[in-house]
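First the structure, in the form of structure tokens, and then the observations on it.
The values are calculated or read from the model by the stated rules, or taken from the named source; none is laboratory data. Everything numeric in this text was worked out from a predicted model, so none of it was measured. Glycine gets a Cβ as well: all are built from the backbone with ideal geometry, and neighbour counts include every protein chain shown. Surface accessibility is based on the protein's heavy atoms, side chains included, excluding ligands, DNA and RNA. Shrake-Rupley method; radii C 1.70, N 1.55, O 1.52, S 1.80 Å.
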Amino acid sequence: MTHVASQFASSYVFYWRDYFEDQPLLYPPGFDGRVIVYPNNQTLKDYLSWRQADCHINNLYNTVFWALVQQSGLTPVQAQERLQGTLAADKNEILFSEFNINYNNEPLMYRKGTVLIWQKVGEVTTKEVKLPAEMEGKKMAVTRTRTKPVPLYCDIIGDAFWKEHPEILDEDS
């Protein structure tokens, strides 16, 4: 896991300008990674559900915080003070009544986070096939199946996700 976190951090810096040409990287990034062995599938599902709920709580806070700073002109300290002690319902009300934002209409990617799962994906590539007696090869479309990480933006707290992807908790996967 230390190798993965290290590789990600160095790639993040290396490719920064490819994605943010005019924005300098102001601070060196830091990332952590963890390998955790859970005793059973239910404990794993509970942990992942907690992480998704935490993502939602953090995003709701940040959505309101930055709306207060960028659209209302509050300083970060003022926005933090305004939000201190508020509940989710209070934050939703601020977003709706002051900024006409219905948080439930925000993209799932922000409300639920990103879930990466391994999925079999069909890839079509073009190959040049040359028979021994032929001088020139023929270009042909070839389809092959690969297993790739695929991002999903969905609810993993309920049972629907786990019923749709039983292979995740399968002992043989």
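Looking at segment 98-113, can you tell me whether even one residue there is open to solvent by 90 Å² or more (accessible area, probe 1.4 Å) and of a type in the set (S, T, Y)? Yes, segment 98-113 contains a residue that is open to solvent by 90 Å² or more (accessible area, probe 1.4 Å) and of a type in the set (S, T, Y). Restricting attention to segment 92-140, the residues being within 30 Å of Q71 (Cα to Cα) and aliphatic (A, V, I, L, M) number 5. Quick one: in segment 133-152, of everything that is open to solvent by less than 90 Å² (accessible area, probe 1.4 Å) and not in a strand (DSSP E or B), which residue is farthest from P39 (Cα to Cα)? This residue is E134. Quick check on N41: is it within 30 Å of G158 (Cβ to Cβ) and at pLDDT 95 or above? It is false that N41 is within 30 Å of G158 (Cβ to Cβ) and at pLDDT 95 or above. Residue count for segment 82-97, restricted to those that are of a type in the set (K, R) and open to solvent by less than 70 Å² (accessible area, probe 1.4 Å): 1. Looking across V121, V69, one residue alone is β-branched (V, I, T), surrounded by 13 or more Cβ atoms within 10 Å (Cβ to Cβ) and under 28 Å from the mean Cα position of the chain (by Cα). It is V69.
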